[in-house]
Amino acid sequence: MLKIRSDLPLRGDSSSRFVFWLVAILVFMAALAVTANSYVEALLTGWNQSVTGTLTIQIPTDDSATNNADDVENLLNILNAQESAVSATVVPAEKMSELLEPWLGDSTLITDLPLPLLIDVQLTANTPDAVQTIVDLTKKTAPHAIIEDHRVWLNRIVGLAEGFSAIALSVMALVTGALGLIVVFATRASLTEYTQTIDVLHIVGAKDGYVAGQFARRALVQGVFGGIAGLALYGPALAAIAWLSSRVQEGLLPDVSLPIKHWLIILALPVIAGILAMVTANMTVRRILALKI
Amino acid sequence: MAILRKKKGTFVGDTVQLENVALRYGDGPEVLHDVSLVIPQRSFHFLTGPSGAGKTSLMSLMYLARHPSRGRMRLFGDDVTALKRNKAASFRRRLGVIFQDFRLLNHLSAFDNVALPLRIAGVADTVVTQNVTELLTWVGLEEFMQAHPSTLSGGQQQRVAIARAVVNRPNLILADEPTGNVDDAIALRLMQLFIEMHKLGSSVIIATHNESLVRQFPFPRLHIEKGVVEALPAGATPPSSVAEV
């Protein structure tokens, strides 16, 4: 560990190791919480980007006519003539089977199924007015069509993501509180253990700030190194999760790469832990010593 | 020694001034009653009296470990009767205290123990090394600079404690039985160090049971008995000692 000249025998004391490992565990938990939050956020951003500004129109197959080819043709022409729509295209059968493959498998079953026709509409603007125009036109031209503007499920997904974020934040708050408490108790224990040494330091002219500084430096080192140990645990854990998710069939879990912001936060965790521990130790020592004569 | 040439802090007034000072621990009885005394600048006093008479208590007032429960106290010309905690450090840096039980830090070497007051005061490392080395050589511990106190004899520890107390060129040196664990030759050498510090401007108070030491040097004494202090000129013996003889 970093060699710091200290007038107190803090480096070898029992609370040192205890704080080091607890900080490691807390930073590990914090890193996992940050990762879960970043993953959900990245997932959502991806979905949002692919879904915003689009509408899907389903034309169900009916028993009498095969997919109402005329209706579809008619509808496509009308929609493509609209200013609010960039393009309206029928989703080709190959794309349909590709989308269904993860669920139904690669079989001829898909082609035998009475699948609805899907029309993918790209909107110029994702405003309620633009959506409403398309909805009205479609209802008029093809009354059986089902219009899916993705908002409902997207809103639910957003709700879920927000829930995840709230949990991640709560974990971070708990971790922060736990780290503070651990440092407070460890510092108090050390202060009691070294009462006589601290008295000597005072008698030879040390101010409370000098004594507090020694504890604060120790806490900073413990926080940073404990944090690095926590990240050393986090690395393999993340690799394991990545490997497990890579085994899941493509399509079910979208491929998400975590943004650079995420990695910066992860790398900052040991520093944050160190600073938090340092400030807490400093305040604890000053507060306790201030009560003496 | 370079350390003995260093310019010292000056102040106006007496080094210590007590006016009707009393001290009690908690709700207990007073251990010092109505003590009034003056320790002028550049003075040398022995502090004598039987065990439990209040010598250590009187010293603890002077090194600001306790507040008087009554009366007024001035140190280096400033009122310190109810000194705030955060102000005490600057006064303590002008004090050198030698405890009967030494109070060395066992995890530090003799060198680091002696260097402590200088480092705390923010003195540059080169100056620290020079002064501490010279002082430890002066007290005959040049061979033991890197030794830890637990490996030193009682007399050696005492010399480390004395070196720590004087390394900062204090205005006031308070020594509780500083020659109690050394043979006569070393006791004389240590007394010589205190006298040297005194000549250079420090006030010195030495608490001792050693009557022969007191008689050997021409310094006045403060005699304390049952919490009452009496100032006696050099060579005088306290009334109780006369009675005992």
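The numbers here are math on the coordinates, done by the rules we state, and not lab data. Nothing here was measured: the structure is a model prediction, and the numbers come from that model. Ideal geometry is used to build each Cβ from the backbone, glycine not excepted, and the neighbour counts take in all protein chains shown.
Across all directions, the average projected area of the convex hull around the alpha carbons of chain A is 21.4 nm². Panel values: chain B, Kirkwood radius from alpha carbon pairs, Stokes-Einstein at 4 °C and 1.567 mPa s, translational diffusion coefficient 70 µm²/s. Placing +1 on the Cβ of every Lys and Arg and -1 on the Cβ of every Asp and Glu, with nothing else charged, gives the protein assembly as shown a dipole about its Cα centre of roughly 4340 debye. The alpha carbon convex hull volume per residue for region A:201-293 rounds to 102 Å³. The mean sequence separation of alpha-carbon pairs under 8 Å and at least six residues apart, normalised by the residue count of chain B, gives a relative contact order of 28 percent. Legend: ranking of residues B:H198, A:H202, B:H45, A:H144 from fewest to most surrounding C-beta atoms inside 10 Å; resulting order A:H144, B:H198, B:H45, A:H202. Shielding of peptide A:192-204 by partners, expressed as the average count of other chain Cβ atoms within 10 Å per residue Cβ, is 5. The convex hull drawn around the Cα atoms of the protein assembly as shown, when projected onto a plane and averaged over every direction, covers 38.3 nm². The alpha-carbon of B:K226 sits under 15 angstrom from the alpha-carbons of these aspartates and glutamates, leaving out residues fewer than 8 places away in its chain: B:E30, B:D34.
Using a simple charge model, +1 on the beta-carbon of Lys and Arg, -1 on the beta-carbon of Asp and Glu, nothing else, what dipole does chain B show about its Cα centre, in debye to the nearest 20? Intermediate values should be presented prior to the final figure.
Numbers: 27 positive and 22 negative charges, 200 e Å.
That gives chain B a dipole magnitude of about 960 debye.
Taking DSSP loops as anything outside H, G, I, E and B, show the longest stretch in chain A free of trypsin sites (Lys or Arg not before Pro) there with at most 15 other beta carbons within 10 Å. Formally, the longest exposed-site-free interval is A:12-291.
Please go through the residue pairs B:K55/B:K87; A:K95/A:K261; A:K95/A:K139; A:K292/B:K55; B:K84/B:K199 and name each one whose alpha carbons sit more than 29 Å apart in this structure.
Details: B:K55/B:K87 25 Å; A:K95/A:K261 35 Å; A:K95/A:K139 25 Å; A:K292/B:K55 23 Å; B:K84/B:K199 32 Å.
From the list (B:K55/B:K87; A:K95/A:K261; A:K95/A:K139; A:K292/B:K55; B:K84/B:K199), the Cα-Cα distance tops 29 Å for A:K95/A:K261; B:K84/B:K199.
In terms of overall dimensions, the C-alpha atoms belonging to region B:1-137 reach 48, 35, 30 Å along their principal axes, ordered largest to smallest.
Treating each Cα of region A:82-169 as an identical point scatterer and summing with the Debye formula, the log10 of I(q)/I(0) at q = 0.17, 0.24 Å⁻¹ comes to -0.93, -1.15. Counting only other chain Cβ atoms within 10 Å of each residue's Cβ, the peptide A:205-213 averages 5.
State to the nearest 20 debye the size of the charge dipole of region B:1-102 about its Cα centre, where the only charges are +1 on K and R beta carbons and -1 on D and E beta carbons.
Details: 17 positive and 8 negative charges, 148 e Å.
Computed charge dipole of region B:1-102: roughly 700 debye.
So what is Rg over Rh here for region A:18-60, counting just Cα atoms and using Kirkwood for Rh?
Working: Rg = 19.4 Å, Rh = 13.4 Å.
That ratio is 1.44, to two decimals.
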